[in-house]
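First the structure, in the form of structure tokens, and then the observations on it.
Every read-out reported here was derived from the displayed coordinates using simple, explicitly stated rules and does not represent laboratory data. Quantities reported herein were computed from a predicted structural model and do not represent experimental measurements. Backbone-built Cβ (ideal geometry, glycine too); neighbour counts: all protein chains shown.
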Amino acid sequence: MTDNALAYRRSHAFRTAVTDIGGHQRFTRAYRPQTNGKAERFNRTLAEEWAYAQPFTNSHERTAALPGFLHNYNHHRAHSALNGQPPITRLNNFAGH
């Protein structure tokens, strides 16, 4: 999820990168700072719990650690906004993995 900046809206490279990792482009609602706050909070979590949580020798090491962080974040990490449940539990087809 990104804000509505033209860099995200009109960038074919960004859209391709998101699609290549199996993602879907989602944008915050215009004039809705609460939604943008969610995106900003996720960016802060990424910085604190992944990008700078430990020293990496190089960017390749950091990139290699991202899938594991995202799996933990989405499948195992308790989220206070979800009553202590991970985001995966919000999916309609969640089978309890």
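Between residue 27 and residues 5 or more places away or on another chain, which pairs have amide H atoms under 5 Å apart, with H built 1.01 Å from N, and which residues are they?
The answer is 2.
Picking from 4, 74, 63, whose Cα lies most toward the positive end of the charge dipole for the chain (charges on Cβ: Lys, Arg +1; Asp, Glu -1)?
4
Could you tell me which of 28, 52, 13 has its Cα farthest along the dipole of the chain towards the positive end, charges placed at Cβ (Lys, Arg +1; Asp, Glu -1), taken about the Cα centre?
Of the listed residues, the answer is 28.
Rounded to the nearest 20 Debye, what is the dipole magnitude of the chain about its Cα centre when Lys and Arg each give +1 and Asp and Glu each give -1 at the C-beta?
About 440 debye.
With an 8 Å cut-off on Cα pairs and a minimum separation of 6 or more residues, tell me the relative contact order of the chain in percent.
16 percent
Return the whole-Å distance between the Cα centroid of segment 47-86 and the Cα centroid of segment 1-45.
The two parts, judged by their Cα centres, are 18 Å apart.
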